[in-house]
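A.B. asks: My structure is below; once you've seen it, I'll send some questions.
The values are calculated or read from the model by the stated rules, or taken from the named source; none is laboratory data. Treat the numbers as computed from the prediction; the structure is a model and nothing was measured. In this analysis, Cβ positions are derived from the backbone assuming ideal geometry, glycine residues included, and neighbour counts consider all displayed protein chains.
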Amino acid sequence: MNEKEKEIAKIQKRIDDAGLVVEDLNRQIQHCKTSINERLGDITSLKAKMKRLERSSVDSVTDHAIIRWLEKVDGVNVQKAKADILEALSKVYKQDTTNDKFYVMIGSQEYVIVVKDGLVFTVYPKDKTLK
């Protein structure tokens with residue numbers, strides 16, 4: 001083999017070696033891409049879990065939710081309660097229009113019904129103070 005052929009063989013060997021290195025690097029890149037995608041999936045899953053946990057840490061309950069709970073879970077007849085309150089207003093024995101208070105007797109107990117702008121705002125026993 002002459003010098004030129006030896007040089008060509010050396011160059012070809014370097015090309016082949018470089019090709020093997022490129023193939024190995026491509027495999028490593030594919031592995032890295034797979035690892036990155038797995039980690040991104042983990043991040044997405046963890047964010048979703050965090051949001052679920054944040055939503056589940058409820059500190060308060062609205063009055064509306066309480067009414068719906070009483071109605072749907074405990075079986076309280078809310079419509080009857082509304083009707084009873086309106087009926088009680090027809091039995092007012094004393095009225096304080098300055099403070100929108102209507103005094104009624106229900107059984108042997110006195111109650112105060114507070115009405116504001118045509119809506120019943122609250123009801124409480126007369127011997128209790130409104131908080």
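A.B. asks: Tell me, please, whether a residue that is exposed (fewer than 11 other Cβ atoms within 10 Å of the Cβ), touching a strand residue (DSSP E or B) at 6+ places or on another chain (Cβ under 8 Å) and either at pLDDT below 95 or on the phi > 0 side of the Ramachandran plot (or both) can be found in region 108-120.
C.D. replies: yes
Per-residue answers, yes or no, for (1) in contact with an Asp or Glu (Cβ under 8 Å, 6 or more places away or on another chain); (2) in the same structural domain as residue 105 (by TED's automatic domain parsing); (3) not aromatic (Phe, Trp, Tyr):
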| site | (1), (2), (3) |
| --- | --- |
| 8 | no, no, yes |
| 14 | no, no, yes |
| 20 | no, no, yes |
| 30 | no, no, yes |
| 53 | no, no, yes |
| 77 | yes, yes, yes |
| 81 | no, yes, yes |
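A.B. asks: Moving on. Which one of these is within 22 Å of the chain's Cα centre (by Cα) and either surrounded by fewer than 10 Cβ atoms within 10 Å (Cβ to Cβ) or not small (Gly, Ala, Ser) (or both): 70, 89?
C.D. replies: 70
A.B. asks: Additional query: Let me confirm something: among 100, 127, which residue is in contact with a strand residue (DSSP E or B) (Cβ under 9 Å, 6 or more places away or on another chain) and surrounded by 10 or more Cβ atoms within 10 Å (Cβ to Cβ)?
C.D. replies: Exactly one of 100, 127 is in contact with a strand residue (DSSP E or B) (Cβ under 9 Å, 6 or more places away or on another chain) and surrounded by 10 or more Cβ atoms within 10 Å (Cβ to Cβ), namely 100.
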